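Some notes on the structure that comes next.
None of the figures in this text is laboratory data; all of them are computed from the coordinates on show. Note that the structure is a prediction, hence the values are computed from the model and not measured. Here the Cβ positions follow ideal geometry from the backbone for every residue, glycine too, while neighbour counts run over all protein chains shown.
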Amino acid sequence: MDTNSVIGTTNKKGQVITDARRMMFEAPRTPSFYTGSEVIKEAIRRANVDVMIAYPITPQSEAAALIGELFAEGYVKEYFRGESEFAVMSECAGAAFGGARVFTTTAGPGTMRAMENFPMWSGARLPIQMIVTCRGINSPLSIQPDTLEIAYLLNTGMLVWHAETAQDFYDWILKGYIVSEEPDVHLPLALCCDGFFVTHTKDMVNLTPADMCLPPYDPYRSPVPCMDMECPPVRMMRDPFVMKSNYISYATHASWQQEVWAAVERSRKHTIAWIDGLIETENVDADVLIVSSGTAVSQGREAIRLLADEGIRVGLVKVKSLRPWPGQEIREATKNAKHIIVPEFNVVGWMAREIKASIPNSDRVVCGPRVGGGMTMPPEIIVSEIKNALGIRSAAMAGRGS
Amino acid sequence: MTQYKVLPGPEHFLPPAAASMGIRLPNPGEGHINGVIVPEEQAYEEAARQFLMAKVPTIFPGPLVLWAWNEKAAKKATAVRHLYETLKECVTPQQHAMLIPMPDYRPKYPKINPEVEINPNHPNLTIWHNKIDCCMFVGVHCHQANLSLKIIRGGTSCYTIAMCAQAGHEDAMLSFRDASVEKIMKLAEWLRKLKGTVKVSQMVSKSGASN
């Protein structure tokens with residue numbers, strides 16, 4: 001099938017299959033007041049998804065249930081519940097091997113339970129999209145927002161994007177399919193957001209017309225053959241190269257892994273074009289910059305407003321894509337900064353580590369403030385951290401968590 | 001801007017993927033030579049020159065053009081055959097043009113027969129055995145082509161060309177993108193145009209990898 005040949009035709013729901021660029025950049029938008037979960041539903045309504053596989057876990061359960069409604073309405077061709085998150089992700093692989101456009105959602109411990117599948121998805125070049133509505137993963141139990149699980153996803157070979165708002169979420173679900181299905185990329189995408197803050201709050205979101213949908217996935221552009229038990233990648237599940245224990249088999253195995261990360265690199269060009277850069281910046285000529293991702297950026301914006309009232313100018317770098325990692329963009333944006341503040345919703349500070357590894361003079365990075373699940377991040381603690389860095393006396397409001 | 005160049009090897013047991021070294025794929029209407037983006041027309045000329053310079057110029061057609069799984073594939077296969085016939089007509093008697101298929105991607109154990117096929121998991125064996133010093137991949141799935149191209153760059157001194165139907169291959173020394181019947185035929189025209197104007201390489205590989 002040639003994808004272009006179906007543009008302008010209608011699907012069984014009467015949606016016009018529309019060129020993705022026209023749909024995302026030119027079509028009229030309708031402002032709508034929705035929760036993040038409802039936004040996921042609305043994006044999937046327009047995404048021409050073949051298969052959605054669900055398993056309940058807070059805070060993604062609502063989105064998974066809403067997509068069940070889409071199935072009942074006929075917008076999603078196949079929908080079922082797996083026996084666990086591990087089963088769900090394995091079933092997603094099967095559907096993608098068979099040439100379907102696949103969608104799933106998970107969160108926190110569900111992400112961790114299914115973790116074995118993610119490097120397998122990447123290694124098999126399966127462009128599955130998985131929404132991760134981040135929440136606490138560690139004991140003591142917390143269902144509250146916490147981005148620790150993202151740290152584990154960063155080295156799976158998946159594309160990893162981190163949405164700040166419901167609008168990001170809506171646009172990136174649709175654009176995510178376009179980027180991850182490019183034949184030179186063809187990798188799974190973990191589209192993350194901070195659970196509850198994005199999924200369970202209402203926000204104004206500009207939606208594309210409901211009578212337009214993306215072109216279908218074309219599995220014949222895949223860089224690997226569809227399901228074929230005798231050929232890699234499927235064959236490699238039962239008959240890996242390295243089991244042969246010879247020199248060239250090791251080389252093949254290693255080259256295969258390099259190719260996965262090469263594909264992450266290739267996604268850079270497409271990601272920049274579709275989500276308008278890997279980062280967004282404001283006032284990067286300021287001495288102090290806040291650099292973060294997700295809703296920590298939103299709290300950073302509020303801290304910047306509070307500090308502006310006191311005459312302290314602070315700039316902002318919003319990191320949109322974590323894989324591919326915008327190292328060069330961050331180096332450029334932070335080149336004049338004296339203090340780089342990295343607020344995070346997790347106890348380990350993975351974002352600060354990534355930034356430190358990317359820039360010269362990394363002692364400029366202030367690794368905090370952090371909150372470790374279960375609470376929001378008051379902008380005042382970001383203000384306090386910045387004042388401390390500037391040598392301005394300020395009451396301590398929170399520790400760094402580690 | 002990267003300083004890395006995609007050059008004939010042998011580069012390393014495990015050379016880096018060119019994409020990870022900052023090499024970017026061409027946009028439509030462009031190709032790349034050694035990782036540098038060039039107008040497609042320049043890529044045709046250079047590909048033809050490399051073929052005519054080689055002692056054993058070889059085409060490796062993959063499953064996407066070997067099997068008549070749709071009408072377009074059958075037409076492309078005919079074009080590949082035409083390119084091969086043209087190549088044979090354009091080389092001197094001292095050169096030996098070959099066409100060796102990559103029929104599938106199954107690892108062949110215990111040993112591949114390098115005289116009859118090439119395999120993406122150990123393509124260097126076919127290159128070494130036949131002393132191939134210039135090759136072109138066509139109709140090979142992109143992931144498998146990249147594996148092969150990188151292993152060839154790692155262990156042999158063979159010049160690699162990719163006639164890719166998708167976005168191209170930065171792990172080849174020269175790559176086309178959006179390959180079609182017309183593009184394959186155009187490369188054949190360039191061979192005819194340069195016939196007799198290119199001196200056959202006298203280079204002997206320092207490593208003896210492919211010469």
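Evaluate the charge dipole of segment A:1-91 about its Cα centre and quote only its size in Debye, nearest 20, assuming +1 on the Cβ of each Lys and Arg and -1 on the Cβ of each Asp and Glu. Don't skip to the answer; put the middle values down first.
Values: 10 positive and 13 negative charges, 79 e Å.
In total the dipole reaches around 380 debye.
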In degrees between 0 and 90, to the nearest 10, how far off the longest principal axis of chain A does helix A:247-275 point, with axes built from Cα atoms? 70
Which distance in nm do the two modelled labels at residue A:204 and residue A:302 give, with both placed 7 Å along the Cα-to-Cβ direction? 1.9
Reachable aspartates and glutamates from residue B:72, criterion Cα separation under 14 angstrom, eight or more residues apart if same chain: A:2, B:178, B:182
With every atom except the alpha carbons ignored, what do you get for Rg and Dmax of the protein assembly as shown, in angstroms? 26.1, 86
What is the order of A:9, A:156, fewest Cβ neighbours within 10 Å to most? A:9, A:156
In this structure, the FRET efficiency calculated for residue B:41 and residue A:116 from their beta-carbon separation, with R0 = 60 Å, to the nearest 0.05, is 0.80
List the GluC sites (Glu not before Pro) within segment A:212-303 that fall in a DSSP loop (any state other than H, G, I, E or B) and whose Cβ has at most 13 other Cβ atoms within 10 Å. A:230
Of all the C-alpha pairs in chain B, what % are more than 23 Å from each other? 39
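What list do you get for A:393, A:125 if you sort them by fewest beta carbons within 10 Å? Please list the in-between numbers first.
Working: A:393 6, A:125 24.
Going from sparsest to densest Cβ surroundings: A:393, A:125.
Please give the FRET efficiency for residue B:89 paired with residue B:116, using the beta carbon to beta carbon distance and R0 = 22 Å, rounded to the nearest 0.05. Write out the running numbers ahead of the final one.
Numbers: r = 24 Å, r/R0 = 1.07.
Efficiency, rounded to the nearest 0.05: 0.40.
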Using 0.36 nm per residue, how much length does the chain from residue A:285 to residue A:5 gain when fully extended, once their Cα-Cα distance is taken away? 96.0 nm
Computed ³J(HN,Hα) along segment B:159-170: with the Karplus parameters 6.51/-1.76/1.60, θ = phi - 60°, integer Hz and x for glycine or proline, the list is 7, 10, 10, 10, 9, 9, 7, 10, 9, x, 9, 7
Among B:5/B:75; A:13/A:202; B:108/B:131; B:55/B:75; A:318/A:387, the pairs whose Cα-Cα distance exceeds 31 Å are B:5/B:75
In nm, to one decimal, how far is the residue B:34 label point from the residue B:75 one, both placed 7 Å along Cα→Cβ? 3.7
At R0 = 35 Å, FRET efficiency that the Cβ-Cβ distance of residue B:82 and residue A:167 yields, to 0.05: 0.10
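If each residue of separation counts as 0.36 nm, what is the full-extension length gain between residue A:80 and residue A:257 once their alpha-carbon separation is subtracted?
Working: separation 177, 0.36 × 177 = 63.72 nm, distance 3.16 nm.
Computed gain between residue A:80 and residue A:257 is 60.6 nm.
Take every residue in peptide B:147-154, count the Cβ atoms of other chains within 10 Å of its Cβ, and give the average of those counts. Before the final figure, lay out the partial values.
Numbers: counts 7, 2, 2, 8, 5, 0, 0, 3.
For peptide B:147-154, the averaged partner shielding equals 3.
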If you line up the long axis of helix A:379-389 against the longest principal axis of chain A, both from Cα atoms, how many degrees apart are they, to the nearest 10? 60
List the aspartates and glutamates whose Cα sits under 17 Å from the Cα of residue B:150, skipping any in the same chain fewer than 8 residues away. A:184, A:259, A:265, B:11, B:133, B:170, B:171
Measure off 7 Å from each Cα along the Cα-to-Cβ vector at residue B:13 and residue A:247, then give the distance between these two points in nanometres to one decimal. 0.9
Peptides A:345-351, B:132-138: what's the order by average Cβ count within 10 Å, highest mean first? B:132-138, A:345-351
Once you have the Cα-Cα distance between residue A:69 and residue A:230, take 0.36 nm times their residue separation minus that, and quote the gain in nm to one decimal. 54.2 nm
Qualifying lysines (Cα of each under 16 Å from Cα of residue A:175; at least 8 residues distant if same chain): A:41, A:269, A:320
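If each residue's Cβ is checked for other Cβ atoms within 10 Å, how do A:90, A:122, A:394 rank with the fewest at the top? Could you put the intermediate results ahead of the total?
Details: A:90 19, A:122 23, A:394 16.
Sorted ascending by nearby Cβ count, the order is A:394, A:90, A:122.
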Give, as a single signed number, the net charge of other residues whose beta carbon lies under 12 Å from the beta carbon of residue B:150, with Lys and Arg counted +1 and Asp and Glu -1. -3
